[in-house]
1. For residues that are outside any loop (DSSP other than H, G, I, E, B) and either surrounded by 14 or more Cβ atoms within 10 Å (Cβ to Cβ) or not charged (D, E, K, R) (or both), tally how many sit in region 80-108.
2. Report whether or not D217 is within 16 Å of ligand 1 (Cβ to nearest atom) and either at pLDDT 95 or above or at negative phi (or both).
3. Can you name every residue in region 78-99 that is in contact (Cβ under 8 Å) with a residue 40 or more places away in the chain and more than 16 Å from F49 (Cβ to Cβ)?
4. Which is under 28 Å from D34 (Cα atoms) and modelled with pLDDT under 95, of T130, T192, T123?
5. Would you confirm whether or not region 350-361 contains a residue that is touching an Asp or Glu at 6+ places or on another chain (Cβ under 6 Å) and not in a strand (DSSP E or B)?
6. The conditions are (1) closer than 29 Å to Q330 by Cα; (2) surrounded by fewer than 24 Cβ atoms within 10 Å (Cβ to Cβ); (3) aromatic (F, W, Y); (4) more than 16 Å from ligand 2 (Cβ to nearest atom), and F224 fails exactly one of them. Which is it?
7. Name the residues in region 114-131 that are at positive phi and either more than 10 Å from ligand 1 (Cβ to nearest atom) or among the basic types (K, R) (or both), would you?
8. Where residues in region 264-283 are among the hydroxyl-bearing types (S, T, Y) and surrounded by 15 or more Cβ atoms within 10 Å (Cβ to Cβ), which of them is nearest to ligand 2 (Cβ to nearest atom)?
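The values are calculated or read from the model by the stated rules, or taken from the named source; none is laboratory data. For clarity, every value in this text was computed on a predicted model and none was experimentally measured. Cβ: placed from backbone, ideal geometry, glycine included. Neighbour counts: every protein chain shown.
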Amino acid sequence: MNQAGVKHNTIKTHSLTDRLVIRRPDDWHVHLRDGDMLKSVVNYTARQFARAIVMPNLPSPITTAKAAEEYRARIVKAVASDIDFQPLMTCYLTDAIDANEVALGFDKGIFSACKLYPANATTNSSHGVTDIKKIYPVLEVMQRIGMPLLVHGEVTDSDIDIFDREAVFIERTMSKITANFPALKVVFEHITTADAVAFVEESGPLVGATITPHHLDFNRNAMFQGGIKPHYYCLPVAKREVHRLALRRAVTSGSAKFFLGTDSAPHTVGAKESACGCAGIFNAPYALESYVQVFEEEGKLENFEAFASENGPKFYGLPMNSEHIVLERQDTNVPSDMDAAGAQVIPYRANEVLRWQFKGPEATVA
Ligand code: DOR
Ligand code: ZN
């Protein structure tokens, strides 16, 4: 049992592989924040991943190409000089978003995609979209220019149970987006249900999904095991075991529709351990170690590289990374806390032992 009292997954097939050399992966969904928090967390992502799709939900959301360019410059400045890392910027969609601004930003190579937050679905989403129809003109333009739409797929209605919000979103909104914009590239972000897995599998090749390590590792019990456990709270919230198992099958299946997106979302310990705690799990420091363990447990290590390093670039139409990284079967002790922004953040799987270790770029590993 781990810290949350969640039963460990057993290894289904014992693999003799002790060392994996794979193409350097990318993180297709991360929150890097800004200011001191950005400086504290960005190198955890940059050390493991060549590129990352950076989410735009800052307190003042990124809605213009100029704001994205300036944010990108702050990110690049915060990355250690010996690390090669490319942030890929996204535009936060609002009811009033300017389609020309979006298209211009994409054309100039500043925006890689747009992010749809239903208004008030999650952290800093109050400027999000109140009615999908309001952004149809923008979706039209994005479809035409080949710009991907990244979707936080949850309804926000108070009469819909929080555990049903993703499934209801598929029915009410996602199915309409894909039906009305059949040539639009859509990423269903951080999916958490068997319903979303089925929707993505049944859709055409322009619909893909990211899946986080935490939704592969624990079900909703983890939030309540022996007391309220704020460090297991994120949005979309973890669901029942049957859903976790569907996600594990999807990521390890070898399907090109599913790719790595950590949704690493740091909040200080005080913001998490509060009467109104923030949603988000800070998994960046040991992201690859967490994911690879799932593939090992499922006896599917051979499909790890496609999920981590190939499916994402193929979907986005970007080149794959040419450098390689090394992971070895060696215990990694996850610390209880880490310093960030003058406070502490609690890393995902704090105080646990992970079975793999990220060793760095192949060129630098003996
Ligand atoms: O848990 C989450 N945290 N889910 C999100 O959608 C946003 C994120 C954050 O920015 O904190
Ligand atoms: Zn996110």
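1. Of the residues in that region, 15 qualify.
2. In short, yes.
3. Result: L93, D95, I97, A99.
4. Unique residue meeting the criteria: T123.
5. no
6. (1)
7. N120 - this is the single residue of region 114-131 that is at positive phi and either more than 10 Å from ligand 1 (Cβ to nearest atom) or among the basic types (K, R) (or both).
8. In this case the residue turns out to be S264.
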